[in-house]
Amino acid sequence: MKKENIGSMRIIPLGGLEKIGMNITAFEYEDSIIVVDCGLAFPEDGMLGIDLVIPDVTYLKNNIEKVKGFVITHGHEDHIGALSYILREINIPIYATKLTMGIIEKKLTEHNLLRSTRRKVVKHGQSINLGQFRIEFIKTNHSIQDAAALAIYSPAGIVVHTGDFKVDYTPVFGDAIDLQRFAEIGKKGVLALLSDSTNAERKGFTQSERTVGITFDHIFAEHQNTRIIIATFASNVDRVQQIINSACKYDRKVVVEGRSMVNIIQVAQELGYLNVPENTMIEIDQLKNYPPEKTVLITTGSQGESMAALSRMAADIHKKVTIMPGDTVILSSNPIPGNEKSVSRVINELSEKGANVIFQDAHVSGHACQEELKLIYSLVKPKYAVPVHGEYRHRKANANLAKSLGIPKENVFMLHSGDVLEVSEQEAKVVDKVHTGEILVDGLGVGDVGNIVLRDRQHLAEDGIMIVVLTLERGSNQLLAGPDIVSRGFVYVRESEDLMEEARQVVTDAVEDCLNHQRNADWSKIKLVIRDTMNEFIWKKTKRRPMILPIIMDV
């Protein structure tokens, strides 16, 4: 007997499909919505002064009565970073594994949101019921502990979301990915697979995290007479564990430097994900009590971030650590697309100070390469494939893999953020588009800097500003003082006095002309005249267009 009128599930990515970062996807069935992940992205080059970018969740706010909770795959910033901002607008419960929750709680505490947020820790293999959905957490491997894939069960069928993952048969801590469970779910019949595309362009398999431990051992053996400084991602607890193992083996003390690193290591130690033998770790202030060759620094800044610890050391502005000739500095990470310039700047600065910089082979990725993606596709056997997590080219490579494994091309969906993909046993199609976007965070302001402000910042950065100040008599509109011209970031005034004087003269003539012809000219008209005259004059003389800001006072 056929079941009649089973609705379809709607998959709505609200971010994370155009770039690396800002991952957030809504799954909707009738009166229930669950949200997988809630990440931030780091600003692009043109976003002057912006600290973070978070997703626009208008769609969730408009349907808040349906939204049942956030289900989080793992504890990286691009999956949890926006929670402390979004929870102020939509207060719904959070479901995550133990370490992921520990990291989230640290964030919520900083933002005074811990007491107002409901949280539930879920173990791998456990399921939670949210409205019409049942969500099962499946063990996977990644460059942070406790990562999970999600099997999302609904009356319409099963959808599997891999989260960020790799297949590591010999992880440093805990178990290997639960391939058996993927296969069992595949046997039941899976509607759609949303899979991580970050490394879909790379052939072969991603190496096991353990291979990095072996590399560290070799490096420690070769550099026994120098201090060692290792920069890596704060969240890669296994990497930190392996550095600590090598440090113990070669009898070195370990210092952890960089706020995010200290926070995560503290959480990981408290929850039992990091095993640090007694008397291994010391405070940064105790460094001077030990010979340099008996110490290791683990620090943030492997991406060349200007304020991270390693960059401050390289630029000689770190309060407590100075790079010495002969120091061995290891960059244990690959540049995230877009950060290559900053990373090479830091390498150059360190090399100039006489440090020996190692950046080859001291890293393995946390993302699946082509063979691992093929393995998951083959086990899960989805009807539809939806590549997620990555720039367009990464997702395209993932889509091609799916097709090469026999998934018909009309069943492979390259979505954009905001697309509403409806999937059911019968068919899958994009039926609608919802509002999505980026909200910019600058200091304490969330969303108060929009495109117009950014455009102004760009304008100021490229061409500078000229302020024209003049005083008019109230009533008669007679010019009493000025116009005076002040400029910033346009030309060096002392060497351009002639230009400024000429500009002043041109504006004076234009304003007087305007006032003579229209005794009662309103101020917006006068300002317009000043702007137009100045723009024309400056462009003719310099081929530049600074921002012109007229200020009129009346007496």
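Quick look at the values:
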read-out: Residue 311 being within 18 Å of residue 231 (Cβ to Cβ), free of Cβ contacts under 8 Å to residues at least 60 places away in the same chain and surrounded by 19 or more Cβ atoms within 10 Å (Cβ to Cβ); value: yes
read-out: Matching entry among 336, 323 (being in a loop (DSSP other than H, G, I, E, B) and at pLDDT below 90); value: 336
read-out: Extreme residue, surrounded by the fewest Cβ atoms within 10 Å (Cβ to Cβ), among residues of region 495-554 that are of a type in the set (Lys, Arg) and assigned to a helix (DSSP H, G or I); value: 540
read-out: Evaluation of residue 476 against (1) part of a helix (DSSP H, G or I); (2) farther than 30 Å from residue 21 by Cα; (3) of a type in the set (S, T, N, Q) (one fails), failing number; value: (1)
read-out: Residue, farthest from residue 296 (Cα to Cα), within region 339-360, restricted to residues that are small (Gly, Ala, Ser) and surrounded by 15 or more Cβ atoms within 10 Å (Cβ to Cβ); value: 342
read-out: Residue check, residue 277 touching a Cys at 6+ places or on another chain (Cβ under 7 Å) and touching a residue at least 12 places away in the same chain (Cβ under 8 Å); value: yes
read-out: Count - residues of region 380-412 that are aliphatic (A, V, I, L, M) and not in a helix (DSSP H, G or I); value: 6
read-out: Wholly enclosed helices (runs of 4 or more DSSP H) of region 1-112 bearing at least 2 residues surrounded by fewer than 23 Cβ atoms within 10 Å (Cβ to Cβ); value: 58-62, 83-86, 98-110
read-out: Candidate set from region 413-440 (those that are part of a strand (DSSP E or B) and of a type in the set (Asp, Glu)); member that is surrounded by the most Cβ atoms within 10 Å (Cβ to Cβ); value: 438
read-out: Residue among 100, 73 that alone is in contact with a helix residue (DSSP H, G or I) (Cβ under 9 Å, 6 or more places away or on another chain), under 26 Å from residue 31 (Cβ atoms) and among the hydroxyl-bearing types (Ser, Thr, Tyr); value: 73
read-out: Residue in region 184-196 that is at pLDDT 95 or above, in contact with a Pro (Cβ under 6 Å, 6 or more places away or on another chain) and more than 17 Å from residue 405 (Cβ to Cβ) present; value: no
read-out: Lone unmet requirement of (1) over 28 Å from residue 208 (Cα atoms); (2) without any contact (Cβ under 8 Å) to a residue 40 or more places away in the chain for residue 151; value: (1)
read-out: Test set (1) over 25 Å from residue 44 (Cα atoms); (2) touching a helix residue (DSSP H, G or I) at 6+ places or on another chain (Cβ under 6 Å); (3) touching a residue at least 24 places away in the same chain (Cβ under 8 Å); (4) not polar (S, T, N, Q) - residue 114 fails condition number; value: (3)
read-out: Residue check, residue 269 in a helix (DSSP H, G or I), in the same structural domain as residue 305 (by TED's automatic domain parsing) and in contact with a Phe, Trp or Tyr (Cβ under 6 Å, 6 or more places away or on another chain); value: no
read-out: Residue match in region 240-256 (condition: basic (Lys, Arg) and in a helix (DSSP H, G or I)); value: yes
read-out: Per-region count, region 188-234, residues polar (S, T, N, Q) and either closer than 14 Å to residue 367 by Cβ or in a strand (DSSP E or B) (or both); value: 7
read-out: Residue match in region 75-95 (condition: touching a residue at least 24 places away in the same chain (Cβ under 8 Å), in contact with a Pro (Cβ under 8 Å, 6 or more places away or on another chain) and of a type in the set (A, V, I, L, M)); value: yes
read-out: Some residue of region 303-316 being among the charged types (D, E, K, R) and modelled with pLDDT of 90 or more; value: yes
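For (1) touching a residue at least 40 places away in the same chain (Cβ under 8 Å); (2) crowded, with 24+ Cβ neighbours inside 10 Å; (3) within 22 Å of residue 303 (Cβ to Cβ), each residue gets a yes or a no:
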{"residue": "232", "(1), (2), (3)": "yes, yes, yes"}
{"residue": "240", "(1), (2), (3)": "yes, yes, yes"}
{"residue": "248", "(1), (2), (3)": "no, no, no"}
{"residue": "253", "(1), (2), (3)": "yes, no, no"}
{"residue": "264", "(1), (2), (3)": "yes, yes, yes"}
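Residues are listed down the side, and each one gets a yes or a no for (1) out of contact with any His (no Cβ under 7 Å at 6 or more places or on another chain); (2) modelled with pLDDT under 85; (3) under 18 Å from residue 191 (Cα atoms):
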residue	(1), (2), (3)
366	no, no, no
370	yes, no, no
373	yes, no, yes
401	yes, no, yes
405	yes, no, yes
430	yes, no, yes
473	yes, yes, no
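The values are calculated or read from the model by the stated rules, or taken from the named source; none is laboratory data. This is a predicted model, so every value here is computed, not measured. Quick reminder, even Gly has a Cβ in these numbers, built from the backbone with ideal geometry, and neighbours come from all protein chains shown.
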